[in-house]
Amino acid sequence: MSTTADWLLDPDIAYLNHGAFGALPRAVGEYAVELRRQMEANPTGLLARRLPGLLDDVRGQVAELLRADPDACVFVANATAGSAAVLTALAPMLEAGDEVVTTDHRYGAVGIQLEALAARTGARIVTAHVPLDAATSTDVVAAITERFTSRTRLLVVDSISSPSGFVFPVEQIVATSHERGIAVLVDAAHAPGQIEVDLRALGADFWVGNLHKWICSPRAAAVLCIADRWRADVRPLVPSHGYPAGFQPAFDWTGTLDPTPILAVPAALAFWSEYGWERMRGTQRATVDDGAASVAKALGTSAPVADEFRAAMRIIELPVTLGRETGLRLEARLSNDYRVEVPIMQLHNRSWIRVCGQVYNDGADYDRLAAALPELLETEEGLETDG
(Lines give C-alpha, C1' and ligand atoms only; values in the text may rest on other atoms or scores of the structure.)
Protein backbone atom coordinates (compact mmCIF):
# COMPACT_ATOMS: atom_id res chain seq x y z
CA MET A 1 0.00 0.00 0.00
CA SER A 2 1.51 3.34 -1.05
CA THR A 3 1.27 6.22 1.40
CA THR A 4 2.26 9.86 1.24
CA ALA A 5 5.51 8.85 2.96
CA ASP A 6 6.45 6.99 -0.22
CA TRP A 7 6.41 10.24 -2.19
CA LEU A 8 8.46 13.44 -2.11
CA LEU A 9 5.32 15.59 -1.98
CA ASP A 10 4.63 17.91 0.95
CA PRO A 11 2.18 15.86 3.05
CA ASP A 12 0.38 19.05 4.15
CA ILE A 13 -0.80 19.73 0.59
CA ALA A 14 -3.90 18.13 -0.89
CA TYR A 15 -2.17 17.46 -4.19
CA LEU A 16 -4.91 16.89 -6.76
CA ASN A 17 -2.91 18.06 -9.78
CA HIS A 18 -0.82 15.00 -10.61
CA GLY A 19 -1.63 15.42 -14.29
CA ALA A 20 0.25 18.72 -14.55
CA PHE A 21 3.81 17.63 -13.81
CA GLY A 22 3.53 14.22 -12.18
CA ALA A 23 5.05 13.55 -8.77
CA LEU A 24 8.10 11.60 -7.70
CA PRO A 25 8.09 8.46 -5.55
CA ARG A 26 10.80 8.67 -2.92
CA ALA A 27 12.52 5.51 -4.19
CA VAL A 28 12.67 6.89 -7.73
CA GLY A 29 14.06 10.20 -6.50
CA GLU A 30 16.78 8.40 -4.56
CA TYR A 31 17.66 6.31 -7.61
CA ALA A 32 17.92 9.47 -9.70
CA VAL A 33 20.29 11.02 -7.16
CA GLU A 34 22.52 7.96 -7.39
CA LEU A 35 22.46 8.10 -11.19
CA ARG A 36 23.50 11.73 -11.12
CA ARG A 37 26.28 10.92 -8.66
CA GLN A 38 27.59 8.25 -11.03
CA MET A 39 27.47 10.66 -13.93
CA GLU A 40 29.36 13.36 -12.04
CA ALA A 41 32.01 10.86 -10.98
CA ASN A 42 32.95 10.50 -14.66
CA PRO A 43 30.81 12.59 -17.00
CA THR A 44 32.78 11.51 -20.07
CA GLY A 45 32.54 7.85 -19.19
CA LEU A 46 28.76 7.95 -18.88
CA LEU A 47 27.83 10.46 -21.58
CA ALA A 48 30.38 9.51 -24.24
CA ARG A 49 30.64 5.76 -23.76
CA ARG A 50 27.94 4.21 -21.58
CA LEU A 51 24.92 6.26 -22.60
CA PRO A 52 23.98 4.50 -25.89
CA GLY A 53 23.74 1.12 -24.21
CA LEU A 54 21.88 2.55 -21.22
CA LEU A 55 19.34 4.24 -23.50
CA ASP A 56 18.80 1.01 -25.42
CA ASP A 57 18.09 -0.82 -22.17
CA VAL A 58 15.52 1.78 -21.09
CA ARG A 59 14.03 1.80 -24.59
CA GLY A 60 13.49 -1.93 -24.41
CA GLN A 61 11.68 -1.68 -21.08
CA VAL A 62 9.48 1.20 -22.25
CA ALA A 63 8.67 -0.60 -25.50
CA GLU A 64 7.65 -3.68 -23.53
CA LEU A 65 5.30 -1.62 -21.38
CA LEU A 66 3.75 0.06 -24.42
CA ARG A 67 3.75 -3.13 -26.52
CA ALA A 68 5.71 -1.24 -29.13
CA ASP A 69 8.51 -2.08 -31.53
CA PRO A 70 11.72 -0.86 -29.84
CA ASP A 71 12.95 0.30 -33.25
CA ALA A 72 9.98 2.71 -33.36
CA CYS A 73 10.85 4.48 -30.10
CA VAL A 74 13.02 7.48 -29.33
CA PHE A 75 13.23 9.68 -26.27
CA VAL A 76 12.33 13.36 -26.17
CA ALA A 77 12.09 15.85 -23.34
CA ASN A 78 8.29 15.96 -23.29
CA ALA A 79 5.23 15.36 -25.42
CA THR A 80 5.33 18.95 -26.67
CA ALA A 81 8.83 18.42 -28.07
CA GLY A 82 7.73 15.17 -29.69
CA SER A 83 4.70 16.65 -31.42
CA ALA A 84 6.82 19.61 -32.57
CA ALA A 85 9.33 17.25 -34.21
CA VAL A 86 6.53 15.43 -36.04
CA LEU A 87 4.73 18.56 -37.25
CA THR A 88 8.00 20.13 -38.39
CA ALA A 89 8.76 17.02 -40.44
CA LEU A 90 5.29 17.00 -42.00
CA ALA A 91 5.27 20.69 -42.93
CA PRO A 92 6.99 20.20 -46.34
CA MET A 93 4.37 17.60 -47.25
CA LEU A 94 1.44 20.01 -46.78
CA GLU A 95 0.16 22.38 -49.42
CA ALA A 96 -2.00 25.46 -49.16
CA GLY A 97 -5.59 24.33 -48.69
CA ASP A 98 -4.71 20.99 -47.13
CA GLU A 99 -6.48 20.34 -43.84
CA VAL A 100 -5.32 19.18 -40.42
CA VAL A 101 -8.16 18.06 -38.16
CA THR A 102 -7.97 18.26 -34.39
CA THR A 103 -10.49 18.49 -31.54
CA ASP A 104 -11.56 21.13 -29.07
CA HIS A 105 -10.02 19.04 -26.28
CA ARG A 106 -6.48 19.54 -27.57
CA TYR A 107 -3.65 20.70 -25.36
CA GLY A 108 -2.91 24.41 -25.59
CA ALA A 109 0.69 24.01 -26.72
CA VAL A 110 -0.35 21.64 -29.50
CA GLY A 111 -2.92 24.20 -30.64
CA ILE A 112 -0.15 26.79 -30.86
CA GLN A 113 1.99 24.36 -32.87
CA LEU A 114 -0.87 23.77 -35.29
CA GLU A 115 -1.39 27.51 -35.76
CA ALA A 116 2.31 27.86 -36.54
CA LEU A 117 2.07 24.94 -38.99
CA ALA A 118 -0.86 26.60 -40.77
CA ALA A 119 0.98 29.90 -41.01
CA ARG A 120 4.05 28.16 -42.45
CA THR A 121 2.26 25.95 -44.98
CA GLY A 122 -1.08 27.54 -45.80
CA ALA A 123 -2.84 24.47 -44.46
CA ARG A 124 -6.17 24.92 -42.69
CA ILE A 125 -6.76 23.77 -39.10
CA VAL A 126 -10.20 22.22 -38.66
CA THR A 127 -11.49 21.74 -35.11
CA ALA A 128 -14.01 19.01 -34.32
CA HIS A 129 -16.32 19.58 -31.37
CA VAL A 130 -16.49 16.51 -29.13
CA PRO A 131 -19.19 16.95 -26.45
CA LEU A 132 -18.21 16.15 -22.90
CA ASP A 133 -21.43 14.19 -22.50
CA ALA A 134 -20.83 11.99 -25.54
CA ALA A 135 -22.62 8.71 -24.91
CA THR A 136 -20.69 6.17 -27.01
CA SER A 137 -17.40 5.69 -28.83
CA THR A 138 -19.33 5.77 -32.08
CA ASP A 139 -20.51 9.29 -31.23
CA VAL A 140 -16.94 10.42 -30.58
CA VAL A 141 -15.58 8.90 -33.77
CA ALA A 142 -18.41 10.44 -35.78
CA ALA A 143 -17.82 13.89 -34.27
CA ILE A 144 -14.26 13.76 -35.55
CA THR A 145 -14.61 11.99 -38.87
CA GLU A 146 -17.51 14.15 -40.02
CA ARG A 147 -14.95 16.96 -40.30
CA PHE A 148 -12.84 14.96 -42.76
CA THR A 149 -12.81 16.03 -46.41
CA SER A 150 -10.81 15.09 -49.47
CA ARG A 151 -8.22 17.68 -48.37
CA THR A 152 -7.66 16.20 -44.89
CA ARG A 153 -4.07 15.04 -44.56
CA LEU A 154 -3.55 14.66 -40.83
CA LEU A 155 -5.53 14.13 -37.64
CA VAL A 156 -4.06 15.27 -34.32
CA VAL A 157 -6.01 13.67 -31.47
CA ASP A 158 -5.48 13.13 -27.76
CA SER A 159 -5.34 9.75 -26.11
CA ILE A 160 -6.38 11.39 -22.83
CA SER A 161 -7.17 15.08 -23.01
CA SER A 162 -5.31 17.36 -20.62
CA PRO A 163 -8.11 19.96 -20.31
CA SER A 164 -10.93 17.44 -19.87
CA GLY A 165 -9.44 14.11 -18.79
CA PHE A 166 -11.56 12.60 -21.59
CA VAL A 167 -10.22 9.21 -22.77
CA PHE A 168 -10.60 9.10 -26.54
CA PRO A 169 -11.32 5.78 -28.32
CA VAL A 170 -8.08 6.10 -30.28
CA GLU A 171 -8.14 2.56 -31.67
CA GLN A 172 -11.38 3.24 -33.53
CA ILE A 173 -10.30 6.76 -34.48
CA VAL A 174 -6.99 5.60 -35.96
CA ALA A 175 -8.61 2.73 -37.87
CA THR A 176 -11.30 4.98 -39.34
CA SER A 177 -8.76 7.65 -40.27
CA HIS A 178 -6.51 5.16 -42.02
CA GLU A 179 -9.45 3.89 -44.04
CA ARG A 180 -9.61 7.42 -45.44
CA GLY A 181 -5.84 7.59 -46.03
CA ILE A 182 -5.33 10.12 -43.23
CA ALA A 183 -2.23 10.01 -41.03
CA VAL A 184 -2.72 10.26 -37.25
CA LEU A 185 -0.62 11.91 -34.56
CA VAL A 186 -1.75 10.76 -31.11
CA ASP A 187 -0.92 13.17 -28.30
CA ALA A 188 -0.66 10.60 -25.52
CA ALA A 189 0.95 12.86 -22.93
CA HIS A 190 -1.16 11.33 -20.15
CA ALA A 191 -1.49 7.76 -21.42
CA PRO A 192 1.64 5.88 -20.28
CA GLY A 193 0.84 4.34 -16.93
CA GLN A 194 -2.65 5.81 -16.61
CA ILE A 195 -4.16 3.37 -19.11
CA GLU A 196 -3.01 0.22 -20.86
CA VAL A 197 -1.32 0.91 -24.19
CA ASP A 198 -0.77 -1.45 -27.13
CA LEU A 199 0.99 0.48 -29.88
CA ARG A 200 1.35 -2.49 -32.19
CA ALA A 201 -2.42 -2.96 -32.16
CA LEU A 202 -3.09 0.78 -32.37
CA GLY A 203 -1.02 1.33 -35.50
CA ALA A 204 -0.85 5.12 -35.19
CA ASP A 205 1.56 6.92 -37.48
CA PHE A 206 2.93 9.01 -34.62
CA TRP A 207 2.41 8.60 -30.87
CA VAL A 208 4.07 10.60 -28.09
CA GLY A 209 3.65 10.10 -24.36
CA ASN A 210 5.21 11.54 -21.23
CA LEU A 211 7.03 9.29 -18.80
CA HIS A 212 7.22 11.85 -15.98
CA LYS A 213 3.46 12.13 -15.50
CA TRP A 214 1.76 8.80 -14.70
CA ILE A 215 4.88 6.63 -14.94
CA CYS A 216 6.42 9.04 -12.38
CA SER A 217 9.98 9.26 -13.62
CA PRO A 218 11.89 12.48 -12.90
CA ARG A 219 10.86 15.25 -15.27
CA ALA A 220 11.20 15.79 -18.08
CA ALA A 221 11.06 12.52 -20.00
CA ALA A 222 8.90 11.29 -22.87
CA VAL A 223 8.85 8.69 -25.63
CA LEU A 224 8.01 9.26 -29.29
CA CYS A 225 6.99 6.21 -31.33
CA ILE A 226 6.78 6.41 -35.10
CA ALA A 227 5.55 3.94 -37.71
CA ASP A 228 8.23 2.55 -39.99
CA ARG A 229 7.10 4.47 -43.09
CA TRP A 230 7.76 7.82 -41.40
CA ARG A 231 11.07 7.18 -39.64
CA ALA A 232 13.20 8.47 -42.49
CA ASP A 233 11.36 11.79 -42.35
CA VAL A 234 11.22 12.66 -38.64
CA ARG A 235 14.27 14.10 -36.91
CA PRO A 236 14.82 16.08 -33.71
CA LEU A 237 14.56 19.84 -33.87
CA VAL A 238 18.24 20.12 -32.87
CA PRO A 239 20.62 18.34 -35.28
CA SER A 240 23.77 17.07 -33.55
CA HIS A 241 26.42 14.39 -33.98
CA GLY A 242 24.01 11.46 -34.35
CA TYR A 243 21.84 13.21 -36.92
CA PRO A 244 23.42 11.72 -40.07
CA ALA A 245 23.26 8.18 -38.65
CA GLY A 246 19.47 7.86 -38.79
CA PHE A 247 16.31 8.00 -36.74
CA GLN A 248 17.34 6.69 -33.32
CA PRO A 249 20.93 8.03 -33.24
CA ALA A 250 19.63 11.47 -34.17
CA PHE A 251 17.27 11.56 -31.19
CA ASP A 252 19.61 9.79 -28.78
CA TRP A 253 22.11 12.66 -28.91
CA THR A 254 20.89 16.21 -29.49
CA GLY A 255 23.73 17.80 -27.52
CA THR A 256 24.82 17.75 -23.91
CA LEU A 257 21.93 17.05 -21.58
CA ASP A 258 21.13 15.41 -18.28
CA PRO A 259 19.97 11.87 -19.12
CA THR A 260 18.92 11.13 -15.55
CA PRO A 261 15.14 11.47 -16.15
CA ILE A 262 15.26 8.84 -18.90
CA LEU A 263 17.72 6.56 -17.14
CA ALA A 264 15.58 6.60 -13.98
CA VAL A 265 12.51 5.30 -15.84
CA PRO A 266 13.28 1.65 -14.92
CA ALA A 267 13.10 2.59 -11.23
CA ALA A 268 9.65 4.11 -11.81
CA LEU A 269 8.53 1.01 -13.71
CA ALA A 270 9.79 -1.17 -10.85
CA PHE A 271 7.88 0.97 -8.34
CA TRP A 272 4.60 0.38 -10.17
CA SER A 273 5.32 -3.28 -10.90
CA GLU A 274 5.72 -3.85 -7.18
CA TYR A 275 2.52 -1.94 -6.44
CA GLY A 276 0.66 -3.70 -9.26
CA TRP A 277 -0.41 -1.96 -12.47
CA GLU A 278 -4.01 -3.18 -12.37
CA ARG A 279 -4.33 -2.36 -8.69
CA MET A 280 -2.83 1.09 -9.28
CA ARG A 281 -5.28 1.95 -12.06
CA GLY A 282 -8.24 0.67 -10.08
CA THR A 283 -7.22 2.76 -7.06
CA GLN A 284 -6.74 5.87 -9.17
CA ARG A 285 -10.09 5.48 -10.88
CA ALA A 286 -12.09 4.76 -7.73
CA THR A 287 -10.41 7.57 -5.83
CA VAL A 288 -11.04 10.24 -8.46
CA ASP A 289 -14.59 9.09 -9.18
CA ASP A 290 -15.56 9.34 -5.52
CA GLY A 291 -13.68 12.58 -5.07
CA ALA A 292 -15.18 14.24 -8.13
CA ALA A 293 -18.67 13.29 -7.00
CA SER A 294 -18.02 14.85 -3.59
CA VAL A 295 -16.75 18.12 -5.08
CA ALA A 296 -19.58 18.29 -7.63
CA LYS A 297 -22.14 17.80 -4.86
CA ALA A 298 -20.60 20.63 -2.84
CA LEU A 299 -20.76 22.92 -5.86
CA GLY A 300 -24.22 21.83 -6.99
CA THR A 301 -22.85 21.00 -10.44
CA SER A 302 -21.71 17.86 -12.25
CA ALA A 303 -18.73 15.92 -13.58
CA PRO A 304 -20.32 14.94 -16.87
CA VAL A 305 -17.92 12.55 -18.65
CA ALA A 306 -19.42 9.09 -19.14
CA ASP A 307 -17.90 6.01 -17.54
CA GLU A 308 -16.47 4.75 -20.84
CA PHE A 309 -14.29 7.83 -21.23
CA ARG A 310 -12.88 8.09 -17.70
CA ALA A 311 -9.51 7.19 -16.22
CA ALA A 312 -7.63 9.02 -13.46
CA MET A 313 -8.58 12.62 -14.29
CA ARG A 314 -11.99 14.26 -14.03
CA ILE A 315 -13.36 17.76 -14.54
CA ILE A 316 -16.15 19.29 -12.46
CA GLU A 317 -18.10 22.27 -13.69
CA LEU A 318 -17.89 25.46 -11.69
CA PRO A 319 -21.17 27.30 -11.05
CA VAL A 320 -19.75 30.45 -12.65
CA THR A 321 -17.72 31.08 -15.79
CA LEU A 322 -14.36 32.66 -15.07
CA GLY A 323 -11.87 34.52 -17.19
CA ARG A 324 -8.30 33.31 -17.35
CA GLU A 325 -6.85 35.84 -14.91
CA THR A 326 -9.57 35.20 -12.34
CA GLY A 327 -9.02 31.47 -12.68
CA LEU A 328 -5.29 31.84 -12.07
CA ARG A 329 -5.98 34.00 -9.04
CA LEU A 330 -8.33 31.38 -7.59
CA GLU A 331 -5.78 28.63 -8.20
CA ALA A 332 -3.23 30.65 -6.25
CA ARG A 333 -5.67 31.24 -3.38
CA LEU A 334 -6.54 27.56 -3.22
CA SER A 335 -2.83 26.79 -2.97
CA ASN A 336 -1.79 29.54 -0.58
CA ASP A 337 -4.86 29.78 1.68
CA TYR A 338 -6.22 26.23 1.62
CA ARG A 339 -3.18 24.13 0.69
CA VAL A 340 -4.95 22.53 -2.24
CA GLU A 341 -3.28 22.19 -5.64
CA VAL A 342 -5.78 21.97 -8.49
CA PRO A 343 -6.08 23.67 -11.89
CA ILE A 344 -9.02 25.65 -13.22
CA MET A 345 -9.68 24.80 -16.86
CA GLN A 346 -11.54 26.69 -19.56
CA LEU A 347 -13.36 24.39 -21.99
CA HIS A 348 -16.43 24.71 -24.20
CA ASN A 349 -17.11 28.23 -22.92
CA ARG A 350 -17.37 27.04 -19.33
CA SER A 351 -15.04 26.85 -16.33
CA TRP A 352 -14.04 23.62 -14.64
CA ILE A 353 -11.92 22.27 -11.83
CA ARG A 354 -9.79 19.31 -12.89
CA VAL A 355 -9.00 16.75 -10.22
CA CYS A 356 -6.69 13.79 -10.50
CA GLY A 357 -6.60 10.53 -8.61
CA GLN A 358 -3.27 9.05 -7.59
CA VAL A 359 -2.46 6.38 -5.04
CA TYR A 360 -1.26 9.02 -2.58
CA ASN A 361 -4.68 10.74 -2.62
CA ASP A 362 -7.56 9.93 -0.29
CA GLY A 363 -11.05 11.23 0.38
CA ALA A 364 -9.77 13.92 2.74
CA ASP A 365 -7.99 15.65 -0.15
CA TYR A 366 -11.23 16.06 -2.08
CA ASP A 367 -13.14 16.96 1.07
CA ARG A 368 -10.73 19.84 1.60
CA LEU A 369 -11.38 21.06 -1.95
CA ALA A 370 -15.14 20.56 -1.55
CA ALA A 371 -15.10 22.72 1.58
CA ALA A 372 -12.80 25.39 0.15
CA LEU A 373 -14.42 26.04 -3.23
CA PRO A 374 -17.89 27.24 -2.14
CA GLU A 375 -16.29 29.50 0.47
CA LEU A 376 -13.78 30.84 -2.03
CA LEU A 377 -16.36 31.44 -4.74
CA GLU A 378 -18.57 33.28 -2.26
CA THR A 379 -15.84 35.58 -0.97
CA GLU A 380 -13.73 36.20 -4.08
CA GLU A 381 -14.49 39.43 -5.91
CA GLY A 382 -14.75 39.71 -9.67
CA LEU A 383 -16.09 36.25 -10.37
CA GLU A 384 -18.10 37.34 -13.36
CA THR A 385 -16.76 36.40 -16.76
CA ASP A 386 -13.78 38.61 -17.52
CA GLY A 387 -12.92 37.55 -21.02
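Here are some notes:
- Scan of region 333-377 for residues that are more than 17 Å from G19 (Cα to Cα) and either outside any helix (DSSP H, G or I) or small (G, A, S) (or both), ordered by number: R339, H348, N349, R350, S351, G363, A364, A370, A371, A372
- Residue match in region 307-316 (condition: surrounded by fewer than 16 Cβ atoms within 10 Å (Cβ to Cβ), under 19 Å from the mean Cα position of the chain (by Cα) and not small (G, A, S)): yes
- Within region 247-256, the residues that satisfy the criterion of being within 21 Å of P70 (Cβ to Cβ), touching a residue at least 12 places away in the same chain (Cβ under 8 Å) and either surrounded by fewer than 18 Cβ atoms within 10 Å (Cβ to Cβ) or touching a strand residue (DSSP E or B) at 6+ places or on another chain (Cβ under 6 Å) (or both) are Q248, F251.
- Spans of strands (runs of 3 or more DSSP E) in region 170-240 with at least 2 residues closer than 20 Å to M313 by Cα, assigned by TED's automatic domain parsing to the domain that holds A264 and touching a helix residue (DSSP H, G or I) at 6+ places or on another chain (Cβ under 9 Å): 183-187, 206-210
- Members of region 317-347 that are hydrophobic (A, V, I, L, M, F, W, C) and under 19 Å from the mean Cα position of the chain (by Cα): V342, I344, M345, L347
To keep it simple, each residue is scored yes or no on (1) more than 30 Å from W352 (Cα to Cα); (2) aliphatic (A, V, I, L, M).
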residue	(1), (2)
L8	no, yes
A14	no, yes
E30	yes, no
A41	yes, yes
L47	yes, yes
C73	yes, no
A85	yes, yes
A91	yes, yes
T103	no, no
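- S150 vs. criteria part of a loop (DSSP other than H, G, I, E, B) and farther than 30 Å from C216 by Cβ: yes
- Of all residues making up region 274-332, the number that are in contact (Cβ under 8 Å) with a residue 12 or more places away in the chain and assigned to a loop (DSSP other than H, G, I, E, B): 16
- Test: V288 is buried (at least 16 other Cβ atoms within 10 Å of the Cβ), under 16 Å from R368 (Cα atoms), in contact with a Gly (Cβ under 6 Å, 6 or more places away or on another chain) and not assigned by TED's automatic domain parsing to the domain that holds A135: yes
- Only one entry in R200, R147 is farther than 18 Å from R106 by Cα and in contact (Cβ under 8 Å) with a residue 12 or more places away in the chain, namely R200.
The values are calculated or read from the model by the stated rules, or taken from the named source; none is laboratory data. These numbers come from a predicted model, not from an experiment. Don't worry about glycine lacking a Cβ; one is built from the backbone with ideal geometry, like all the others, and counts go over all protein chains shown.
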